[in-house]
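Step one of this worksheet: look at the structure below.
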Amino acid sequence: MELTINKTRLSLVQGDITQSDTDAIVNAANPGLMGGGGVDGAIHRAGGPAILEECRQIRAERGRLPTGQAVITTGGKLRAKHVIHTVGPVWHGGDSGEAELLASAYRESLKLAVERALKTVSFPSISTGVYGYPVAPAAKVALQTVIDFLNRDESLGEVVFVLFDSTTCRAYETALQELAPGGK
Ligand code: AR6
């Protein structure tokens, strides 16, 4: 499914984000930045040790990465030249600021991409795996945040959500149809 928001193509695909050839892919990391399971593990495995080495340096200089913030490293051996590492919120029932923190993770990732003059970015579904954020509300927050950003910033050419499984992909399609009717 894809549509145009202001000047930018926004698309939803099912797949493996490690195979994405956008300028950057976003990693659903944790504050330690030393890798983990899920998409984080897959990105470090596919990208090789150069990513972890840069994460180590960032960690040594800045300490742990707070939830909702983002940093950028090389993409190592990935097709994407860069990885933007962000930390989504752990789901605690929805009354602990989860939606705002999740929105911040998307916004800060997009800001970094724009600051580095990147044109294309892929996102996974941040927080909806190990961190337990229910996918329907997470999809709404993710898409609304990206749409709001693209309505204000015209420098990105394409934003892609690369969704690993069909249930997640369908949830994002449903949310996008509600937020921006007219996509195909
Ligand atoms: N491509 C795209 N999406 C993927 C891939 C892939 N290769 N692999 C998994 N996903 P999760 P979180 C999907 O758990 O909830 C890690 O241990 C997955 O199916 O990766 O933000 C970190 O180190 C799900 O839809 O991230 C943190 O400790 C989505 O990616 C913690 O997990 C997010 O699931 C972060 O948890």
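Stretched out straight at 0.36 nm per residue, the stretch from residue 165 to residue 151 would grow longer than its current Cα-Cα span by 2.2 nm. More than 18 Å apart: what percent of Cα pairs in the range 4-71 qualify? In whole percent, the long-distance tail amounts to 45.
Between residue 92 and residue 57, full extension at 0.36 nm per residue minus the direct alpha carbon distance yields a gain of 9.5 nm.
Considering the chain at the alpha-carbon level, its Rg and Dmax are found to be 15.0, 46 Å. Dividing the convex hull volume of the alpha carbon atoms of the range 93-182 by its residue count gives 101 Å³ per residue. For the range 2-179, carbon and sulfur atoms together expose 49% of the accessible surface, with a 1.4 angstrom probe and every protein chain in place. Here's the list of lysines a cross-link from residue 111 could span, going by alpha-carbon distance under 20 Å and ignoring same-chain residues fewer than 8 apart: 7, 81, 119, 140. Relative to the longest principal axis of the Cα atoms of the chain, helix 166-179 runs at roughly 50 degrees.
Please list, in order, the residues from the range 128-164 whose amide nitrogen is less than 19 Å from a point placed 7 Å along the Cα→Cβ vector of residue 81. Counting only backbone N, you get 155-160.
The values are calculated or read from the model by the stated rules, or taken from the named source; none is laboratory data. Treat the numbers as computed from the prediction; the structure is a model and nothing was measured. Every residue, glycine as well, gets a Cβ built from its backbone with ideal geometry; the counts of neighbours run over all protein chains shown. Side chains included, ligands, DNA and RNA excluded: accessible areas come from the protein's heavy atoms. Shrake-Rupley method; radii C 1.70, N 1.55, O 1.52, S 1.80 Å.
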